[in-house]
Number of protein chains: 2
Amino acid sequence: MTTIRHITLPGGFSAGAVHCGIKSTSQEDLTILACDVDASAAVLTTTNQVVGAPVLWLRCILPRGYGKARGVVVNSGCSNVCTGARGLADAEAMASLTGRLLGCQAEKVLVASTGIIGHRLPMDKVRAGIAAAAARLGQSDDAAALRGIMTTDTREKSAVVQTRIGGATVTVAGIVKGSGMIAPSMATMIALITTDAAIAPADLHKALVRAGRRSFNAVTVDSDTSTSDTVAVLASGAAGNKPLKGGSADYGKFQSALSEVCYELARSVVVDGEGATKLVEIAVCGARSDAEAKIAAKSVADSPLFKCAIHGGDPNWGRIAAALGKSAAKVDPDKLKIKIGGVTIFARGTGRKFDLAKVEAHLAGKEVKVACDLGLGKGGFTALTCDLSREYITINADYHT
Amino acid sequence: MTTIRHITLPGGFSAGAVHCGIKSTSQEDLTILACDVDASAAVLTTTNQVVGAPVLWLRCILPRGYGKARGVVVNSGCSNVCTGARGLADAEAMASLTGRLLGCQAEKVLVASTGIIGHRLPMDKVRAGIAAAAARLGQSDDAAALRGIMTTDTREKSAVVQTRIGGATVTVAGIVKGSGMIAPSMATMIALITTDAAIAPADLHKALVRAGRRSFNAVTVDSDTSTSDTVAVLASGAAGNKPLKGGSADYGKFQSALSEVCYELARSVVVDGEGATKLVEIAVCGARSDAEAKIAAKSVADSPLFKCAIHGGDPNWGRIAAALGKSAAKVDPDKLKIKIGGVTIFARGTGRKFDLAKVEAHLAGKEVKVACDLGLGKGGFTALTCDLSREYITINADYHT
């Protein structure tokens with residue numbers, strides 16, 4: 001028996017997972033997360049215009065991105081994307097059946113699916129799986145619940161933060177699946193976060209949007225936005241803190257805890273990025289605005305040439321300068337400074353003499369830090385990415401439908 | 001003695017090339033293209049905000065992108081990018097010395113450089129190379145001239161079109177270097193085009209801008225815009241046609257010839273893209289505008305997941321739909337149609353049953369055609385790209401500065 005606990009650590013939650021046959025492996029492929037009460041719920045979903053049926057369902061039941069929910073049902077192995085009206089009916093059926101077992105309406109159940117695009121869900125298996133997973137809620141086997149949302153992730157990714165807020169111990173916990181592929185589909189990211197904090201849905205959503213900005217929305221493995229990206233947070237209120245009000249000091253503490261969990265989950269997705277051997281942080285400062293800093297940082301983070309150079313351990317600042325320059329953010333080479341591992345390698349329009357051995361030693365490590373000061377203003381943003389390796393190609397080219 | 005002719009085929013041009021020691025190989029690394037008279041000249045240069053000194057020189061002598069020129073000097077092996085004020089002085093010195101040998105002012109000489117970023121040119125070698133190349137202009141060894149602008153291109157890329165215009169035979173010829181890497185620098189694309197047509201500089205520029213739109217500006221190997229991209233066309237007028245006026249039928253014929261040469265050169269760059277094994281055409285129609293069609297087509301052409309699927313010969317329409325959906329172009333999955341090799345594989349929001357063997361046979365070939373009808377308007381654009389292979393990673397990761 002496993003003793004790993006994360007998403008059921010906050011009071012008020014239980015989880016169950018089973019293998020019902022959607023995945024071809026024997027790994028769990030259906031997870032239910034349940035809350036004892038109507039939890040405050042907030043979600044972030046993909047900005048892709050092609051969206052999966054589960055995302056459509058979430059937008060249907062939570063049109064403003066927040067509300068009340070009793071639970072979440074997630075399957076892996078089939079993303080239920082591009083499946084038309086019947087796919088949406090399948091997502092609704094998942095919510096409806098789960099709701100019946102949890103004692104609530106379908107509209108109180110969030111749905112998320114990950115896996116191959118363009119295939120209908122095997123609903124007989126899904127129905128049996130939901131019944132079986134619900135029957136296991138009492139066990140709260142968090143490890144199985146996490147495996148149930150994974151595809152070809154190579155490691156289990158979770159994060160927990162505990163903090164004292166308003167006289168109570170508040171726990172924020174999360175699990176995430178990342179960018180592995182079991183099928184020729186998009187790298188669909190799904191994160192589930194639980195907390196026992198007492199907080200209203202709208203305040204929870206505000207905190208999630210803020211936390212997402214510098215975590216989930218700051219990472220890139222390969223620039224391909226998924227059709228299914230979903231982050232959901234449920235707050236049970238079981239901690240017994242005074243309900244958190246936006247703008248208060250206690251709300252600020254909760255925001256910090258939620259942001260920390262989101263950052264850790266997002267970071268772990270990049271570390272487990274397809275073919276990744278290194279985590280790369282690109283911190284841009286001195287931009288004309290935060291928005292331009294994000295554009296500039298993402299341009300470097302998405303540059304295949306830069307990512308190949310990092311893979312090869314080469315301090316190729318020319319590729320960094322070029323990636324900044326091709327972006328829509330304002331860049332002036334004469335004001336630009338570039339550092340790798342804290343060592344200035346480019347300034348005043350040209351490369352500087354630098355300690356090559358020191359920079360190469362930094363690049364040989366597992367975590368690479370690139371800092372770019374655009375010298376134009378106060379805007380800043382930090383993007384996280386990984387290197388680009390042959391393994392990425394192998395994972396994504398050597399699969400046949 | 002070689003008999004290959006291209007850029008000196010149009011009347012009025014001569015070319016000379018030598019190895020002067022900028023490249024570590026024994027291949028030619030300095031090329032001079034000269035015109036007997038002041039030619040009409042037009043250039044397109046990179047949109048990257050970090051630009052090489054030769055591009056700054058071109059913008060200095062041709063602030064509107066066109067004017068008169070007597071020749072072009074190109075070196076390979078060092079791009080003279082991010083080299084500060086001294087780099088610009090080096091570019092000017094190349095123009096000045098070449099101009100002296102051609103009997104014109106420095107301002108009549110275009111300059112282009114390709115190769116590693118951030119290194120000063122070895123000017124002693126460059127000066128000797130210019131003198132030696134100028135001495136060989138009489139030989140008009142076009143093959144050597146082409147080799148002199150190449151870096152690690154795996155094949156020689158040129159195009160020639162001849163057509164009757166205004167009672168004269170007009171020739172348009174071009175050479176191009178593409179996306180090979182001899183050094184950890186950007187894939188710098190340089191194309192030189194010659195014609196004996198009589199045409200004013202402004203009209204020539206207009207034709208080049210139009211030709212570039214659906215050729216050079218429609219291709220992508222890896223989404224990384226170079227700091228040195230330069231396309232230059234020189235028109236000697238030696239054909240003896242009545243000078244071409246914008247809007248006339250004869251101008252239209254010239255436009256067609258120039259567009260054809262540009263398209264062939266751009267296409268050949270993609271075929272020789274780093275690690276490329278297939279040429280991929282992504283034709284988007286039915287967009288709300290041509291601009292949105294271009295955004296949508298480029299989003300697919302730059303998607304690493306799509307490019308890996310093509311490399312693996314997998315008809316992964318989910319990745320195409322997702323790449324369209326993540327773009328800034330308006331996309332409605334229910335109106336979207338996707339074809340591969342002429343076979344409809346996605347329509348009305350979901351995948352269609354299709355002849356898998358037929359599509360896989362198409363994908364196994366050297367040229368892959370993807371067509372996306374957004375079903376929203378009349379905008380269209382065709383992008384050209386290549387697949388993404390392990391070889392791309394090898395070329396760009398396994399190099400050390």
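What follows draws every value from the coordinates through simple rules; no lab data is involved. On a predicted model such as this, the values are computed, not experimentally measured, just so you know. Counting neighbours? That spans all protein chains shown, and the Cβs are built from the backbone with ideal geometry, glycine included.
Listed by chain and number, the aspartates and glutamates placed with their C-alpha closer than 16 angstrom to that of A:Lys358 are A:Asp314, A:Glu367; residues fewer than eight positions away on the same chain are left out. Each other copy holds its own label point for B:Arg210; taking that point as 7 Å from Cα along Cα to Cβ, the gaps run 5.6 nm, nearest first. Our helix-only sum for chain B, with -39,500 (n - 2.57) per DSSP H run of n ≥ 4 divided by its residues, gives a mean residue ellipticity at 222 nm of -10000 deg cm²/dmol.
Model label sites at B:Ala202 and B:Arg348, defined 7 Å from Cα along the beta-carbon direction, differ in position by 5.5 nm. The distance separating the Cα centre of region A:1-36 from that of region B:271-295 comes to 43 Å.
The protection proxy used here, the mean number of other Cβ atoms lying within 10 Å of each residue, ranks peptides A:231-241, B:366-376 as follows, highest first: A:231-241, B:366-376. For region A:46-72 versus region A:313-389, the inter-centroid distance based on Cα atoms is 38 Å.
Rounded to the nearest 0.05, the FRET efficiency derived from the C-beta distance between B:Gln139 and A:Ala328 at R0 = 51 Å is 0.65.
In this model, which of A:Lys177/A:Lys369; A:Lys278/B:Lys353; A:Lys177/A:Lys337; B:Lys206/B:Lys337; B:Lys108/B:Lys177; A:Lys177/B:Lys335 are farther than 29 Å apart at the alpha-carbon?
Numbers: A:Lys177/A:Lys369 24 Å; A:Lys278/B:Lys353 41 Å; A:Lys177/A:Lys337 36 Å; B:Lys206/B:Lys337 35 Å; B:Lys108/B:Lys177 23 Å; A:Lys177/B:Lys335 31 Å.
Too far apart for the 29 Å limit: A:Lys278/B:Lys353; A:Lys177/A:Lys337; B:Lys206/B:Lys337; A:Lys177/B:Lys335.
For chain B, modelled as a GNM whose springs connect Cα atoms under 10 angstrom apart, the maximal fluctuation among B:Lys378, B:Lys353, B:Lys339 occurs at B:Lys353.
Less than 5 angstrom separates the built amide H of A:Ala197 from those of A:Thr171, A:Ser236, A:Gly237, A:Ala239, all sequence-distant by 5 or more or on a different chain.
If I take every Cα pair under 8 Å that is 6 or more residues apart in chain B, average their sequence separation and divide by the length, what percent do I get for the relative contact order?
Values: 1066 pairs, mean separation 70.5, N = 401.
Contact order relative to length: 18 percent.
Along its first, second and third principal axes, ordered by size, region B:314-367 spans 31, 22, 14 Å in Cα coordinates. Proximity of backbone amide H atoms, modeled 1.01 Å from N, is registered between A:Gly77 and A:Thr114, A:Gly115, A:Ile116 at under 5 Å, excluding neighbours fewer than 5 places apart on the same chain.
Here B:Arg86 and B:Thr169 are evaluated by their C-beta separation; at R0 = 60 Å the FRET efficiency comes out at 0.85. Note on A:Met123 and B:Ser248: with the Förster distance fixed at 56 Å, the Cβ-Cβ geometry gives a FRET efficiency of about 0.30. With θ taken as phi - 60° and the Karplus curve 6.51 cos²θ - 1.76 cosθ + 1.60 applied, the whole-hertz 3J(HN,Hα) list for region A:106-121 is 4, 5, 9, 10, 7, 10, 9, 9, 9, x, 5, 8, x, 10, 5, 5 Hz, x standing for glycine and proline.
Axis angle, to the nearest 10 degrees, between helix B:290-301 and the longest C-alpha principal axis of chain B: 80 degrees. Counting beta carbons within 10 Å around each of A:Ser256, A:Ser79, A:Ser40 and listing the fewest first gives the order A:Ser256, A:Ser40, A:Ser79.
Tell me, Kirkwood radius of region A:13-74 from alpha-carbon pair distances, in Å? Display every interim value, and only then the final one.
Numbers: mean 1/r = 0.0751 Å⁻¹.
That comes to 13.3 Å for region A:13-74.
For chain B, the C-alpha radius of gyration sits at 1.01 times the compact-globule guess of 2.2 N^0.38 Å, with N the residue count.
Suppose every K and R has +1 on its Cβ and every D and E has -1 on its Cβ; what is the size of the dipole of the protein assembly as shown about the Cα centre, in Debye to the nearest 20? All intermediate terms of the calculation are to be shown ahead of the outcome.
Details: 90 positive and 72 negative charges, 302 e Å.
Magnitude of the dipole: close to 1460 debye.
Comment: the Cα-to-Cβ extended label point of A:Glu367, at 7 Å, lies 5.1 nm from its counterparts in the other copies, nearest first.
Backbone geometry of region A:355-366 corresponds, through the Karplus equation with coefficients 6.51, -1.76 and 1.60 at θ = phi - 60°, to 3J(HN,Hα) couplings of 7, 4, 4, 5, 5, 5, 5, 4, 5, 6, x, 8 Hz, x marking Gly and Pro. By the rule of a C-alpha distance below 20 Å, with chain neighbours fewer than 8 residues away ignored, the aspartates and glutamates paired with B:Lys378 are B:Glu281, B:Asp290, B:Glu292, B:Asp332, B:Asp334.
For B:Asp334, the shell of other residues with beta-carbons less than 14 Å away shows a net charge of +4, using +1 for Lys and Arg and -1 for Asp and Glu.
Peptide B:78-88: average number of partner chain Cβ atoms within 10 Å per residue? Could the numbers behind the result be given before it?
On the way: counts 0, 1, 0, 6, 11, 3, 6, 3, 1, 2, 0.
Average neighbour count from other chains, rounded to a whole number: 3.
Hey, fewest Cβ within 10 Å first, where do A:Thr394, A:Thr25, B:Thr230, A:Thr83 land in order? Write out the running numbers ahead of the final one.
Numbers: A:Thr394 16, A:Thr25 11, B:Thr230 27, A:Thr83 24.
The most exposed by this proxy come first: A:Thr25, A:Thr394, A:Thr83, B:Thr230.
Taking the charge dipole of region A:13-271 about its Cα centre, with +1 at Lys and Arg Cβ atoms and -1 at Asp and Glu Cβ atoms, the residue from A:Pro54, A:Val37, A:Gly118 reaching farthest to the positive side is A:Val37.
Computed over the Cα atoms of region B:279-397, the ratio of the radius of gyration to the Kirkwood radius (Rg/Rh) comes to 0.97.
P(r) tail, the protein assembly as shown: Cα-Cα pairs separated by more than 49 Å, 24% of all pairs. Peptide B:343-353 has a mean shielding of 3, counted as Cβ atoms of other protein chains within 10 Å of each residue's Cβ.
In what order do B:Ser24, A:Ser299, B:Ser289, B:Ser327 fall by count of nearby beta-carbon atoms within 10 Å, going from fewest to most? Don't jump to the answer; show the numbers that get you there.
Details: B:Ser24 10, A:Ser299 27, B:Ser289 16, B:Ser327 23.
Sorted ascending by nearby Cβ count, the order is B:Ser24, B:Ser289, B:Ser327, A:Ser299.
In this label model, A:Val37 and B:Arg5 are separated by 9.0 nm, measuring between points 7 Å along each Cα→Cβ vector. In the assembly of identical copies, B:Lys335 has its label point, taken 7 Å from Cα in the direction of the beta carbon, separated from the corresponding points by 4.1 nm (ascending, one decimal). Averaged over peptide A:299-306, the number of partner chain Cβ atoms lying within 10 Å of each residue's Cβ comes to 5.
Taking the Cα atoms of region A:94-207, the ratio Rg/Rh between the radius of gyration and the Kirkwood radius comes to 0.99. Pairs of Cα atoms in region B:55-114 fall into 5 Å distance bins, from 0 up to the last occupied one, in shares of 4, 20, 31, 25, 16, 3, 0 percent.
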